[in-house]
Amino acid sequence: MRLSTLLAPTLREDPNDAEIDSHRLMLRAGLVRKLAGASGIYTLLPLGQRVVAHVEAIIREEMDSIGGQELRLPVVQPAELWEASGRWSVYGEDMWRLHDRHGRAYCLGPTHEEVITDLVAHEIHSWRQLPLLLYQIQTKYRDEVRPRFGLMRAREFIMKDGYSFHASEEDLERTYADVVGAYRRIFSRVGLEYRTVLADPGAIGGSQTHEFMAPADAGEAEIVSCAECDYAADIEEAEVAPRSRSEASVPMAIGRIATPNARTIEEVAEHLSTEPGSIAKLLLVRLLFADGRTECVAVLLAGDATLNENKLLAVAGAISLRPVTVQEAERLHLPLGFLGPVDLPPGIALYADPEVAEGGPWVVGANVEGYHLNNVWGGRDFVPDRVLPLRRAQAGDRCPQCGGRLSAQRGIEVGHVFRLGTKYSCVLGANFLDQEGQTRPMTMGCYGIGVTRTVAAVIEQHHDRDGIIWPASVAPYHAVLLPVGTGSFGSRAQQVAEELSVQLAKRGISAVIDDRDERPGVKFKDADLLGFPVRITLGKALEHESAELRLRKDGIVQMVPLTAVADVVSAQIQEATAVPIA
RNA sequence: CGGGGCGUAGCGCAGUUUGGCAGCGCGCGUGCCUUGGGCGCACGAGGUCGCCGGUUCAAAUCCGGCCGCCCCGACCA
């Protein structure tokens, strides 16, 4: 391929609407373009398409290796199908809905559980035909509340979705494990550093699920992971244990101290020359329940902890919560900024995290403007109505599995595997006859990988100031041949580039020739920006019948005789592609 | 949906406060020059100033309405 004819419009300057590195670099390197007037909808240009194709090829290989069968499912799906599963109303605004000329309602598939279950319900009838693992790699549509970060959260995106059907839970477990194994190989091969984390099954239902998270600052999810064992979890899901804390052996008497203008934990800690961790904070929140009822509760946490809102909602059975308003607090005669668990007005339930439920001494608000209490002891000075772990996990917490230290990081969710059970098979009639002749619903699993998001994640993890640094396995081309020089010297360089391109192709190495009539500096800059793993410069070294090979990832340069270039590059690419499976 | 920012040449931006010839850099075209890290010189093409309406002798600029994009939040199999 010649760069002079390739549609790869590189940009010298950063686009103004790209915030994160992957989005910025995908635009600058000419991999994608946003469709004007359509937030979250992108064209994949030739280089971007090649990268996506490489990621898809790796996914196909690994899914096929565990017995997966690829198929292609309709994008346009009738409302009836979604009404049958009950999700037409549940899915909400994220679903892209449309009508045909007869006024019948359809949607653009945001996912394909309904369609595939319907297919299997019609075609599979016997235990002898199970298990079945089907998958698709297709464009999906979600009218995201807020598309952002380029391909990271787009409204039209490519996803690999796999669905499995089983005669039993045990059989599902086998396939589930197979898929997790395949995912490990896929993400390792595309060059991602990733963590497998425990996550919330969310609205799709089912038991414990695993997310595959690629650590990156631009990630939208927060995870905690242990350095000493394999424990990792979404920060909202992570188990938290009370932290150890030194207690005074002899409880002293409670005391009242003036803390004028010290409202926040930081201000109180500074005023009293103590640590936030020795203060207990009381949050007043209003819970909203499904039946419209609301309730005001108080939550007591250590001063350096954060409330895990999901856990509070779960234990209280509420659907949402918000802090109380200033007016609500005034009505209760509670001064915001000086709240404490001692002598709360009746009618407000006190929920306490185990860390602060018993013992002391704690500094807490006095429920009087301008005052706090010290030497407060849980159990003596206040008694919680409920003691529940409501603290959000944070860096430095003990690992619930091995006791090691947890660290927190941001991550990009690139894959998610679920056990669906019989949620969809029951309502959509995906039943089979078992060996006893009994009709039973199939047990299902589903397994997603965000393909375009994975490409974004790879760039987030593999770039530098100059541009993208593609892993060889997904690079749009393995190498760039860069002839420089003028006159007859230049034509010789061009000719050598053509020859090497052919030699490389014979070894399965793809290369582009930068034959553009540009100054060397421009070619070098673009080569770095585009991120090809190997750069082969045909210039000065030609006088010694050699080429200059440079690896994008470390900048290491070596001079190689022309006759050996193809073999050396081939070896370099093979080495780079043979990644250990994490 | 709440908050904030933006919309002027293909891209990045100035001009808007205080109404008065539509500008700069990059890119693009032509010629000369240069040729190992985004050369230099000269000439040139390129605009419905997001859209609609209003005020005014005169609107990119002031007023009203609408649309789109980006960021934060809420939200998110």
* To do: Restrict the check to region A:440-450 and report whether at least one residue is outside the structural domain of A:Gly539 (by TED's automatic domain parsing), β-branched (Val, Ile, Thr), surrounded by 24 or more Cβ atoms within 10 Å (Cβ to Cβ) and under 17 Å from A:Ala18 (Cα atoms).
  => no
* Restricting the search to region A:258-286, which residues are in contact with a helix residue (DSSP H, G or I) (Cβ under 9 Å, 6 or more places away or on another chain) and farther than 28 Å from A:Leu312 by Cα? -> A:Thr259, A:Pro260, A:Asn261, A:Leu272, A:Thr274
* When you look at A:Ile556, is it modelled with pLDDT of 95 or more, more than 8 Å from RNA strand B (Cβ to nearest atom) and open to solvent by 10 Å² or more (accessible area, probe 1.4 Å), yes or no? -> yes
* **Hits in region A:344-374 - residues which are part of a strand (DSSP E or B) and of a type in the set (Val, Ile, Thr)** => A:Val363, A:Val364, A:Val368
* Asked: In region A:215-328, which strands (runs of 3 or more DSSP E) lie fully inside it and hold 2 or more residues that are among the hydrophobic types (A, V, I, L, M, F, W, C)?
  -> A:221-226, A:232-234, A:255-258, A:280-288, A:294-302
* For A:Thr43, which of the numbered conditions (1) within 16 Å of RNA strand B (Cβ to nearest atom); (2) in contact (Cβ under 8 Å) with a residue 12 or more places away in the chain fails to hold? -> (2)
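Residues checked against (1) at pLDDT 85 or above; (2) of a type in the set (S, T, N, Q):
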site: A:Glu237; (1), (2): no, no
site: A:Ala241; (1), (2): no, no
site: A:Ser244; (1), (2): no, yes
site: A:Pro251; (1), (2): no, no
site: A:Ile254; (1), (2): yes, no
site: A:Ile257; (1), (2): yes, no
site: A:Asn261; (1), (2): no, yes
site: A:Glu266; (1), (2): no, no
site: A:Ser273; (1), (2): yes, yes
* Output the strands (runs of 3 or more DSSP E) that fall wholly within region A:416-462 and possess 3 or more residues being within 12 Å of RNA strand B (Cβ to nearest atom), or say none. => A:443-450
* Run down A:Leu27, A:Leu6 and say which single residue is in contact (Cβ under 8 Å) with a residue 60 or more places away in the chain, outside any helix (DSSP H, G or I) and open to solvent by less than 50 Å² (accessible area, probe 1.4 Å). => A:Leu6
* Restrict the check to region A:162-173 and report whether at least one residue is near RNA strand B (Cβ under 10 Å from one of its atoms), within 28 Å of A:Leu44 (Cα to Cα), open to solvent by less than 20 Å² (accessible area, probe 1.4 Å) and touching a Lys or Arg at 6+ places or on another chain (Cβ under 6 Å). => no
* Qualifying position, being open to solvent by less than 20 Å² (accessible area, probe 1.4 Å), small (Gly, Ala, Ser) and modelled with pLDDT under 85, among A:Gly317, A:Gly360, A:Gly347 -> A:Gly360
* Tell me, which residue of region A:490-544 that is among the β-branched types (Val, Ile, Thr) and within 7 Å of RNA strand B (Cβ to nearest atom) is nearest to A:Leu6 (Cα to Cα)? -> A:Val522
* Asked: Hey, A:Leu530 hits all of (1) crowded, with 23+ Cβ neighbours inside 10 Å; (2) more than 36 Å from the chain's Cα centre (by Cα) but one; which does it fall short on?
  -> (2)
* Asked: Taking region A:30-66 as the search range and keeping residues that are more than 22 Å from A:Phe165 (Cβ to Cβ) and β-branched (Val, Ile, Thr), which one is surrounded by the fewest Cβ atoms within 10 Å (Cβ to Cβ)?
  -> A:Thr43
* Asked: Among (1) within 16 Å of RNA strand B (Cβ to nearest atom); (2) modelled with pLDDT under 95; (3) on the phi < 0 side of the Ramachandran plot, which single condition is A:Pro580 missing?
  -> (1)
* To do: Tell me, yes or no, whether region A:400-414 has at least one residue that is in contact with a His (Cβ under 6 Å, 6 or more places away or on another chain) and under 30 Å from A:Gly448 (Cβ atoms).
  => no
* State all residues of region A:67-100 that are in contact (Cβ under 8 Å) with a residue 60 or more places away in the chain and either open to solvent by 40 Å² or more (accessible area, probe 1.4 Å) or within 14 Å of RNA strand B (Cβ to nearest atom) (or both); if no residue qualifies, say none. => A:Gly67, A:Gln69, A:Glu70, A:Leu71, A:Arg72, A:Leu73, A:Val75, A:Ala84, A:Ser85, A:Gly86, A:Val90
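The values are calculated or read from the model by the stated rules, or taken from the named source; none is laboratory data. Quantities reported herein were computed from a predicted structural model and do not represent experimental measurements. Ideal geometry is used to build each Cβ from the backbone, glycine not excepted, and the neighbour counts take in all protein chains shown. Ligands, DNA and RNA are stripped out before the accessible areas are found, and what is left, the full protein with its side chains, is counted by its heavy atoms. Shrake-Rupley method; radii C 1.70, N 1.55, O 1.52, S 1.80 Å.
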